[in-house]
Amino acid sequence: MSGQEQIQVHIEPSMSAIDADGWNACAQASDITARPGTGFNPFISYEFLNSLEQAGCVKAETGWYPQHIVVKDSDGVIAACMPNYLKGHSQGEYVFDHAWADALERTGGNYYPKLQVSVPFSPVTGPRLLVAPGKDVIQYQKAMVDALHQLNDYFETSSTHLTFLPEEQWKFLGEEGFLLRKDQQFHWINKGYATFVEFLNELSSRKRKAIRREREKAAATGCTFEWISGDDLTEAHWDAFYQFYQDTSARKWGQPYLNRTFFSKLGESLGKSVVLIMVKHDGRYVAGALNMIGGGVIYGRHWGCIEDHPFVHFETCYYQAIDYAIEHKLMRVEAGAQGPQKLARGYLPVTTYSAHHITHEGLRNAVAQYLRGEQEHVDIESRILGEHSPFRKDNS
């Protein structure tokens, strides 16, 4: 390591053992897509990750055993860090490897435990290898990768997975020998629109009319919509939203990943980054969507309802988020995982990236072959979807 700074690598079993300011300094410096002066991606913040742990959503008993990597410089100051978990399952990740697990276990191997570098339950792109400002990025990224390999050996894990990476970190990991994977999401891009109508005018006539009809039908239900954030958030809001979240999550996954305590802790620690879009009908809350803001982006995360009203889901999760982004001059809306139906509503396909280190040689070779075909499929699908853009050809 001639000419390089001497470092100390620590593995921390909880966020509470880590200096919050040091972690956030690394996260802020690493979020290069953030608009200056608007903070950074809230999902990689100390507060978000710590709230998950303090609420008990993330712990060894839930299959997410924290093994955070913290690298300190010669002065003992945090120079780099990484959110990392030892996992006993593949739930709550949104980059699916169940078939890989089945393949290894059918041959008598053990796929679990594995290492997962990600933000639990959050399919949100953001830096995973966090390096403090002024530090040698490559040196510290390599130090964290080395630490992952050492943990892999120590725990005898089958694999290491870094998901929802920015493209530059994805490419770096490819150079480090990781297998590379692509997928896609749908994001709405703000081209400096002054109003929702201005955005609509850039769409094809058929799509423009369809969105207007959907918004009119949502309004005709008698539902009203509120944006609630910061000091306006109350425990009553969280009580109502958690009821919606529980109902929808139970139908999707069998049980919710997040508990009621998490939402209170989120409001306490990151309330200014929270935007709850709540729906009222006949004077009571009946639905809502949790959004986070940071770095000039609004991130749509959780939706739930206890009453079903036509088109209110689209209005709450897609159109209200666009309205909020336009009014607050945000760069884009990231509406979460999946959803080709978002294309017709002005959300365009965007590539997402993950990187994977597979210990078992036979499985690694099989996964590498699979990923080559999958990447080709994703690229073709993205191109086809791009050709079906809802925007007028002269504005696409």
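Every read-out reported here was derived from the displayed coordinates using simple, explicitly stated rules and does not represent laboratory data. Fair warning: this is a prediction, and the values are worked out from it, not measured in the lab. With ideal geometry, Cβ positions are generated from the backbone for all residues, glycine too; neighbour counts draw on all protein chains shown.
From the list Y65, Y94, pick out the single residue that is at positive phi, out of contact with any helix residue (DSSP H, G or I) (no Cβ under 7 Å at 6 or more places or on another chain) and hydroxyl-bearing (S, T, Y). Quick ask: steps written out before the conclusion?
Values: Y65 fails: at positive phi.
When all the criteria are applied, what remains is Y94.
Tell me which of these A55 doesn't satisfy, since it passes every other one: (1) of a type in the set (A, V, I, L, M, F, W, C); (2) touching a Ser or Thr at 6+ places or on another chain (Cβ under 8 Å); (3) over 16 Å from P120 (Cβ atoms).
Unmet for A55, out of (1) of a type in the set (A, V, I, L, M, F, W, C); (2) touching a Ser or Thr at 6+ places or on another chain (Cβ under 8 Å); (3) over 16 Å from P120 (Cβ atoms): (3).
Does the stretch 97-124 hold any residues that are over 16 Å from N365 (Cα atoms) and touching a helix residue (DSSP H, G or I) at 6+ places or on another chain (Cβ under 9 Å), and which are they?
Selection gives N110, Y112, P113, K114, L115, V117, V119, P120, F121, S122, V124.
Does V58 meet the test of being part of a loop (DSSP other than H, G, I, E, B) and touching a strand residue (DSSP E or B) at 6+ places or on another chain (Cβ under 8 Å)?
Criteria met by V58.
Within the stretch 264-291, count every residue that is part of a helix (DSSP H, G or I) and either out of contact with any strand residue (DSSP E or B) (no Cβ under 8 Å at 6 or more places or on another chain) or in contact (Cβ under 8 Å) with a residue 40 or more places away in the chain (or both).
9
Of everything in the stretch 145-197, what is more than 21 Å from the chain's Cα centre (by Cα), more than 26 Å from I11 (Cβ to Cβ) and surrounded by 14 or more Cβ atoms within 10 Å (Cβ to Cβ)? Give them in sequence order.
Y193, F196
Contact list please: Cβ distance under 6 Å, first residue in the stretch 356-369 and over 17 Å from G108 (Cα atoms), second residue of a type in the set (K, R), pairs at least six apart or on different chains.
none
Of all residues in the stretch 156-202, count the ones that are in contact with a strand residue (DSSP E or B) (Cβ under 9 Å, 6 or more places away or on another chain), small (G, A, S) and over 22 Å from I380 (Cα atoms).
Number of matching residues: 3.
So which of H302, H377 ends up being surrounded by fewer than 21 Cβ atoms within 10 Å (Cβ to Cβ) and at negative phi?
H377
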